[in-house]
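Presented below is the structure to which this report refers.
The values are calculated or read from the model by the stated rules, or taken from the named source; none is laboratory data. Remember, predicted model here, so these are calculated numbers, not experimental data. All Cβ positions, glycine included, derive from the backbone under ideal geometry; neighbour counts span all protein chains shown. Ligands, DNA and RNA are stripped out before the accessible areas are found, and what is left, the full protein with its side chains, is counted by its heavy atoms. Shrake-Rupley method; radii C 1.70, N 1.55, O 1.52, S 1.80 Å.
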Amino acid sequence: MPVLQNQCSTQQKELNKYLLNRVLSNIAFLVVLNLLVKPFWIFGIELTVQNRVGPEAYGEYFALFNFVILFQILLDLGINSFNNRAISQDSKLLNNYFSSILVGKLLLGVLYFIVAFSVAFSIGYSQHQIRLLLILLLGQMALSFLMYFRSNLGALQLFKQDGVISISDKLLMIGMLAVVLWTSWTNFEINIYRFVLAQTIAYIFAALLAGFLVLRQIPSISFRPKWDLLPAILKSSLPFALLFLLMAIYNRVDGVMIERLLPNGKEEAGIYAAAYRILDAVNQIGLLSASILYPVFSRMIGEQKSVNAIVVKSAAVILSAAFIITTLGFYFRFDLMNSMYVEATPYYGTLFGALIWSFLGIACTYVFGTLLTAGGHLKQLNIIALFGMLLNVTANYFLINKYGALGAAWATLFTQSLIALIFLFLSI
């Protein structure tokens, strides 16, 4: 009997080692692939666009972009996360769910447009802002389908295909906008409309490509939805929907509040967007890691296998990288801002210095929040996210009115750090 126990223990250790190596190698593949493309998009294309159109015009776009993100959950209602977790544990469900979820997401898209436009008109957005909002909403709808298709690829652990799809939209955007920005092949001058339109077109093509790859995994597809299945899927996904709605609010409400609360809100939002750009870039490391960890955690938990080794090792790697990035970013905060933005002032560097420290909390959340979500602890997560939302909105209101965009950076740092500590405590 002891011999058998030792043999089982050895097999479990070998399995954990194999899974750990596979997880880390796939994370490394995704990170390297994205490092080849996304930095050029962020610092080559987005940065150039902001410098060309100016902080006020870009700040207006940034505020509207954050506005549409606040309602993005209506496009999904937690379906992507539910679908990823369910198919990670039973890949046969893909054939049953696919058509019903597609129809459901189309209906949710209609709801998304109605709600977003109703709120936009009620808070007094101008005609110019409404036109820009329309293009942004179309882009988010295409992105929603793209993320649904990617949730299937991740759940099936087709991480290489998912990695290629994760950069396909950015490659298309780079191709379209580089022609406008740096060649004389067209007579177009870059403006916010053309920038947003290029994003929307790229999302549509990337979604079509991702959909094709998923269809290849379904032996016999029927596009006739199972109407009795759709309510059950939506009911199961609602706890995920509430979680991501609350998290979207406390992650994205700052840009909207800056633009709405301050007399020079568009300019301040533009400066905040300038600092947030680097945080958004480094966030990709945590986001890509979570896209691999979530289906792996879900499958292991579903099979009642220990996740301890993978959690500890992945957390060590991700948080070590986050600490190095944060420290370097803070040390070179003024140099970074001055080298990137033609209108940069010391205020840019001060704001970025406060904002970049929140990356430690965000990286921690990508590991331990992902673990808790994969484990189905949605009630606790929703309570924490509600607390985080109320804390962040309250802090933003008082700090933005007193300190401008810098106050929003402090609110983000405080909220992300506190939420990360709570996630860590619950995971342990």
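Looking at the range 62-74, which of the residues that are outside any loop (DSSP other than H, G, I, E, B) and open to solvent by 10 Å² or more (accessible area, probe 1.4 Å) is farthest from Ala275 (Cα to Cα)?
The qualifying residue farthest from Ala275 (Cα to Cα) is Leu74.
Being open to solvent by less than 20 Å² (accessible area, probe 1.4 Å), among the hydroxyl-bearing types (Ser, Thr, Tyr) and either touching a Lys or Arg at 6+ places or on another chain (Cβ under 9 Å) or at pLDDT 85 or above (or both) is the requirement here; does Ser298 meet it? Step through it out loud before you land on a result.
Details: open to solvent by less than 20 Å² (accessible area, probe 1.4 Å): yes; among the hydroxyl-bearing types (Ser, Thr, Tyr): yes; either touching a Lys or Arg at 6+ places or on another chain (Cβ under 9 Å) or at pLDDT 85 or above (or both): yes.
Spelling it out, Ser298 is indeed open to solvent by less than 20 Å² (accessible area, probe 1.4 Å), among the hydroxyl-bearing types (Ser, Thr, Tyr) and either touching a Lys or Arg at 6+ places or on another chain (Cβ under 9 Å) or at pLDDT 85 or above (or both).
For Leu70, are the conditions met, namely being more than 22 Å from the chain's Cα centre (by Cα), modelled with pLDDT under 85 and of a type in the set (A, V, I, L, M)?
On the way: more than 22 Å from the chain's Cα centre (by Cα): no; modelled with pLDDT under 85: yes; of a type in the set (A, V, I, L, M): yes.
When the stated conditions are applied, Leu70 does not pass them.
Give me a count of the residues in the range 376-428 that are buried (at least 16 other Cβ atoms within 10 Å of the Cβ), polar (S, T, N, Q) and under 22 Å from Arg85 (Cβ atoms).
Result for the range 376-428: 2.
Picking from Ser81, Ser99, which residue would you name as being open to solvent by less than 40 Å² (accessible area, probe 1.4 Å), out of contact with any helix residue (DSSP H, G or I) (no Cβ under 7 Å at 6 or more places or on another chain) and modelled with pLDDT of 70 or more?
Numbers: Ser81 fails: out of contact with any helix residue (DSSP H, G or I) (no Cβ under 7 Å at 6 or more places or on another chain).
Residue meeting the stated conditions: Ser99.
For the range 163-193, give me the residue count where each residue is assigned to a helix (DSSP H, G or I) and either open to solvent by 40 Å² or more (accessible area, probe 1.4 Å) or free of Cβ contacts under 8 Å to residues at least 24 places away in the same chain (or both). Before you say what the answer is, go through the steps one by one.
Step one: list which residues in the range 163-193 are assigned to a helix (DSSP H, G or I), which gives 163-182, 192-193.
Pick out the ones that are also either open to solvent by 40 Å² or more (accessible area, probe 1.4 Å) or free of Cβ contacts under 8 Å to residues at least 24 places away in the same chain (or both) and you get 164, 171-172, 175-176, 179-180, 182, 193.
Number of matching residues: 9.
Is it true that some residue in the range 246-256 is in a loop (DSSP other than H, G, I, E, B) and more than 25 Å from Gly104 (Cβ to Cβ)?
At the first step, the residues of the range 246-256 found to be in a loop (DSSP other than H, G, I, E, B) are none.
Looking through the range 246-256, none of the residues is in a loop (DSSP other than H, G, I, E, B) and more than 25 Å from Gly104 (Cβ to Cβ).
Would you confirm whether or not the range 142-157 contains a residue that is farther than 30 Å from Met300 by Cβ and free of Cβ contacts under 8 Å to residues at least 24 places away in the same chain?
First pass over the range 142-157, keeping only residues farther than 30 Å from Met300 by Cβ: 142.
Checking which are free of Cβ contacts under 8 Å to residues at least 24 places away in the same chain leaves us with none.
Looking through the range 142-157, none of the residues is farther than 30 Å from Met300 by Cβ and free of Cβ contacts under 8 Å to residues at least 24 places away in the same chain.
Only residues in the range 253-279 that are open to solvent by less than 10 Å² (accessible area, probe 1.4 Å) count as the first member; pair them with residues that are not in a helix (DSSP H, G or I), Cβ under 8 angstrom, at least 6 apart or cross-chain, and list the lot.
What qualifies is Ile258/Gly404; Gly270/Gly54; Ala274/Tyr341; Ala274/Ala344.
Residues in the range 105-128: is at least one in contact (Cβ under 8 Å) with a residue 60 or more places away in the chain and either acidic (Asp, Glu) or part of a helix (DSSP H, G or I) (or both)?
Among the residues of the range 105-128, not one is in contact (Cβ under 8 Å) with a residue 60 or more places away in the chain and either acidic (Asp, Glu) or part of a helix (DSSP H, G or I) (or both), which makes the answer no.
Condition check: among the polar types (S, T, N, Q), in contact (Cβ under 8 Å) with a residue 24 or more places away in the chain, open to solvent by 40 Å² or more (accessible area, probe 1.4 Å) and closer than 24 Å to Ile258 by Cα. Does Asn51 satisfy that? Walk me through it before giving the result.
Details: among the polar types (S, T, N, Q): yes; in contact (Cβ under 8 Å) with a residue 24 or more places away in the chain: yes; open to solvent by 40 Å² or more (accessible area, probe 1.4 Å): yes; closer than 24 Å to Ile258 by Cα: yes.
The answer is yes for Asn51.
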